[in-house]
Amino acid sequence: RVQVTNPSSTPVMNDWSLKVSNQEYAGIPGFQLAEIRSISITTDNAAMGEEGSLTISFWTRTAIAGLFGARYGVLIVVMPTGFELVTEEDGTSCAGFAGSSTGFRNSSGYLGTKVSCEAISSWPTVVAIHNKLDTELIPGTYTFNVKVKNPDVATSALVWQLSTYSSMPSTTSSSQPDDLLDSVLLLDYGTARGPAIHQKLIAFGAQPSPAGQQTSGNAVTLTFAVELSHSLLTGDALLLHLPEEYQLSCSLSSFSSTLLPQPICGTNRAAFSFLEVEATQLPIVIPAGTEDATVVTFSLQAVNPSTKPTRNVVEFAHCRGITNNTE
């Protein structure tokens, strides 16, 4: 008997060999690790203190049992402290989960209402997915959405935990979510970093021209105004994201601003980059919260979509460096 430390993931070449003196026996199949892999956790709103729709995707090695008497398999998601699961009016059902586009689904589509999502009393950071289908959820990739309230302070990308169980582990008023990992019912386990939460912009607005009710398919000039919470530094970027149904134009003739350089456009997105701009050449922006705060304005041309956007929200972000959003 020997003691080993398991790797973080089952090796691709999972063969063992045994060597005694000058004799060797190779090709011994290794054991599979109980693991959840390929975890992706994204949000449509990363502003601190606000609610957003999380999209969680993962691959599990072990099947999640279906309904057998009063027992059924469970997936547990433990969020970092500060995040809170939003529930429906019943106080139990997960908000933002029901439906073919947000409910529990795999490559074949929506798996129906018998795969439910519920909160666990006194554990606001826990999401529980119950498989009450008559059949097990076979090993593979699954995706679902839930609505979550973000922490009230900005955070880095913290670690989230996903685990599956052959049946719902027992909980007590004194137990903590991490205690579930000691359960003999544990099947698979995995961790991944979720979205970073950023400081919310204090002031941001948009005004179309011509003003008022817009006509589908027509050109429109969109004028934006924003007060940044931080000054601009070399390496920063300002990102604008319109609903995906819009078509932006960033040509020199369709853009105007007294402070910002001409952006780079891609369909419904625009990026103002200061990646290689010397500090002396950066626009002088006085942050919000001061008497002389700078109102940064810019205008772009766009084409109105043929129908009202599915998610009719304009997003703006100030990013510092490659991956760390400032606000």
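The values are calculated or read from the model by the stated rules, or taken from the named source; none is laboratory data. The structure displayed is predicted, hence computed values, not measured ones. Cβ placement follows ideal geometry from the backbone for every residue including glycine, while neighbour counts extend to all protein chains displayed. The area values use the complete protein model at the heavy-atom level, side chains included, leaving out ligands, DNA and RNA. Shrake-Rupley method; radii C 1.70, N 1.55, O 1.52, S 1.80 Å.
When residues of the range 148-196 are filtered for being under 22 Å from G52 (Cα atoms), of a type in the set (V, I, T) and in a loop (DSSP other than H, G, I, E, B), how many remain? Residues in the range 148-196 being under 22 Å from G52 (Cα atoms), of a type in the set (V, I, T) and in a loop (DSSP other than H, G, I, E, B): 1 in total. Of the candidates F68, F31, F58, the single residue that is of a type in the set (F, W, Y), modelled with pLDDT under 95 and within 21 Å of K132 (Cβ to Cβ) is F68. Contact annotation: residue pairs with Cβ atoms under 6 Å, 6 or more positions apart or on different chains, pairing a residue in the range 130-147 that is charged (D, E, K, R) with a partner that is part of a strand (DSSP E or B), are K147/E51; K147/S53.
Count of the range 71-120 residues, restricted to those that are outside any strand (DSSP E or B) and at positive phi, is 5. Would you confirm, using the coordinates I've provided, whether K200 is open to solvent by less than 80 Å² (accessible area, probe 1.4 Å), of a type in the set (K, R) and touching a strand residue (DSSP E or B) at 6+ places or on another chain (Cβ under 7 Å)? For K200, the condition - open to solvent by less than 80 Å² (accessible area, probe 1.4 Å), of a type in the set (K, R) and touching a strand residue (DSSP E or B) at 6+ places or on another chain (Cβ under 7 Å) - is not met.
Scanning the range 17-72 for residues that are within 29 Å of N6 (Cβ to Cβ), of a type in the set (D, E) and open to solvent by 90 Å² or more (accessible area, probe 1.4 Å) yields one hit, E24. The set of residues in the range 235-262 that are under 29 Å from K308 (Cβ atoms), at pLDDT below 90 and open to solvent by 20 Å² or more (accessible area, probe 1.4 Å) comprises S249, S251, S253.
Counting only residues that are within 20 Å of A47 (Cβ to Cβ), open to solvent by 30 Å² or more (accessible area, probe 1.4 Å) and either without any contact (Cβ under 8 Å) to a residue 60 or more places away in the chain or assigned to a strand (DSSP E or B) (or both), the range 285-321 holds 2 of them. None of T223, T267 is surrounded by 13 or more Cβ atoms within 10 Å (Cβ to Cβ) and among the β-branched types (V, I, T) except T223.
Is at least one residue of the range 106-123 modelled with pLDDT of 95 or more, closer than 25 Å to A154 by Cβ and of a type in the set (D, E, K, R)? Looking through the range 106-123, none of the residues is modelled with pLDDT of 95 or more, closer than 25 Å to A154 by Cβ and of a type in the set (D, E, K, R).
Scanning the range 20-65 for residues that are part of a strand (DSSP E or B) and basic (K, R) yields a single hit, R37. Among the criteria (1) assigned to a strand (DSSP E or B); (2) modelled with pLDDT under 95; (3) under 23 Å from Y189 (Cβ atoms), the one V12 does not fulfil is (1).
Against the list (1) over 26 Å from S156 (Cβ atoms); (2) open to solvent by less than 70 Å² (accessible area, probe 1.4 Å), the condition L232 fails is (1). Is one or more of the residues making up the range 174-181 within 30 Å of C117 (Cβ to Cβ), hydroxyl-bearing (S, T, Y), over 21 Å from the mean Cα position of the chain (by Cα) and open to solvent by 60 Å² or more (accessible area, probe 1.4 Å)? Scanning the range 174-181, I find at least one residue that is within 30 Å of C117 (Cβ to Cβ), hydroxyl-bearing (S, T, Y), over 21 Å from the mean Cα position of the chain (by Cα) and open to solvent by 60 Å² or more (accessible area, probe 1.4 Å), so the answer is yes. So, of the residues in the range 92-133 that are of a type in the set (V, I, T) and in contact with a strand residue (DSSP E or B) (Cβ under 7 Å, 6 or more places away or on another chain), which turns out to be most open to solvent (accessible area, probe 1.4 Å)? The extreme case among them is T92. Scanning the range 135-167 for residues that are under 25 Å from E88 (Cβ atoms) and either in contact with a Pro (Cβ under 9 Å, 6 or more places away or on another chain) or open to solvent by 60 Å² or more (accessible area, probe 1.4 Å) (or both) turns up K147, K149, N150, P151, D152, W160, Q161.
So L282 passes all but one of these: (1) surrounded by 14 or more Cβ atoms within 10 Å (Cβ to Cβ); (2) hydrophobic (A, V, I, L, M, F, W, C); (3) in contact with a strand residue (DSSP E or B) (Cβ under 9 Å, 6 or more places away or on another chain). Which condition number does it fail? It fails just one condition, (3).
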